[in-house]
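In what follows, a single structure is set out as structure tokens and then discussed.
The values are calculated or read from the model by the stated rules, or taken from the named source; none is laboratory data. Just so you know, these numbers come straight off a predicted model, no measurement behind them. Cβ sites come from the backbone with ideal geometry, for glycine too, and all protein chains shown count toward neighbours. Accessible surface areas use protein heavy atoms only, side chains included; no ligands, DNA or RNA. Shrake-Rupley method; radii C 1.70, N 1.55, O 1.52, S 1.80 Å.
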Amino acid sequence: ELSQRLKRQDLGRVALVEVPRLSKKDTQAVLSRAIPALVDGYNARVVGVDIDFSGGEFPALAANFADWSKNNPISARKVVWAVGYQATATKRNAAAENIQAAFCQECSGHSCQARFRPNLVFGGAYNPPSYALAIPFPDVDNVNRSSARFVCHADNEEPLDLFHFRLFKDYCAGGSNLVTCKALQQNSQAKNPIYVWDAPDPLNLCGLVNCSAESGELGAQLRDKGNPLTDKIVILYSDIPGNDEHVTTEGMQKGAAIEAALVNNELRFG
């Protein structure tokens, strides 16, 4: 508890934003405007979207984001989409997520025992250029205690950033006097422990943008709400019960809370 209190002061660089349960149509309408609003209206430095759209069931969101990205390429680069990976039957049975198998210092040669092929963000023709893998690395007892910074691509020798590390790198690229940013080596591997107590208290997306179809344009920025997201790493996630939850030393936690903890660990210790 003392450790938690001492570390709370460091949580100001990361914000969790919970996306409420809406219809598929309204979710696409809200996020199509909300994501640009978080970047350009609330001035978030990086926006990470920790929601799985890879099933191809959100074509309107994909099309709207593609159009916005074309007209606003600098802002669009500030959005990072979390994706899973295409698991073969063998990998499903062999638990390829094992951190020891995936923990490679470099991706050349045959030293890596597990390689990964990322899913398409929207499962279709358009795939945003800024994405990263969001996958758990449970220990043999199924408890998540740590994560790597990157894994290796199945089709080439390129490293695939994990979600928290990509958010950290993009935050540093935006300009920072943090010692950890100044000392960052882009492709340096590290095994980072998960401090789940470092996750900030979540904000509700509907407190930042309009979620009511009856009161105006869905996803439009709400006025006179202050600016709680300026220069922060914002992680959007879904509040669907039982979705993206993982066992940690602190009990069941949302994947987004673990990602926030890992980002804070990178920001604090590198």
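Taking amide H positions as modeled 1.01 Å from N, with prolines and chain starts lacking one, the residues under 5 Å from Gln86 and 5 or more places away or on another chain are Arg117, Asn119.
Where both bridge residues fall in the chain, DSSP classifies roughly 35% of the beta bridges as antiparallel.
Which FRET efficiency, nearest 0.05, do Val247 and Asp26 yield, Cβ-Cβ r, R0 22 Å? With R0 = 22 Å, the Cβ-Cβ based efficiency is 0.10. A simple spin-label model places the labels of Asn72 and Gln186 2.6 nm from each other, with each point 7 Å out along Cα-to-Cβ. Computed over neighbours whose Cβ is under 10 Å from that of Arg149, the net charge equals +1, Lys and Arg +1, Asp and Glu -1. Estimated purely from DSSP H runs of n ≥ 4, each contributing -39500 (n - 2.57), the mean residue ellipticity at 222 nm for the chain is -7500 deg cm²/dmol once divided by its residues. The order of Tyr85, Tyr171, Tyr126 by accessible area, most exposed first and with a 1.4 Å probe, is Tyr126, Tyr85, Tyr171.
Note on the chain: with a GNM built from Cα contacts shorter than 10 Å, the maximum mean-square fluctuation among Ala213, Ala132, Ala76 falls on Ala213.
Say a paramagnetic label sat at a point 7 Å from the Cα of Asp40, along Cα to Cβ; which residues of region 56-71 have their backbone N under 11 Å from it? Counting backbone N atoms under 11 Å from the label point, the list is 68-71. Compared with the alpha-carbon gap, the fully stretched path from Asn156 to Ala60 is longer by 31.4 nm at 0.36 nm per residue. Probing with 1.4 Å while keeping every protein chain in the model, the per residue accessible area of the chain equals 48 Å².
Among Leu236, Leu16, Leu178, the largest mean-square fluctuation in a Gaussian network model of the chain, built with springs joining Cα atoms closer than 10 Å, belongs to Leu178. To the nearest 10 degrees, how steeply does helix 59-71 sit against the main Cα axis of the chain, on a 0 to 90 scale? Tilt relative to the chain: about 80 degrees.
Here the relative contact order of the chain, from alpha carbon pairs under 8 Å that lie six or more residues apart, stands at 32 percent. Here region 64-187 has 48 percent of its accessible surface on carbon and sulfur atoms, given a 1.4 Å probe and all protein chains in place. The angle between the Cα long axis of helix 255-269 and the main principal axis of the chain comes to about 70°, on a 0 to 90 degree scale.
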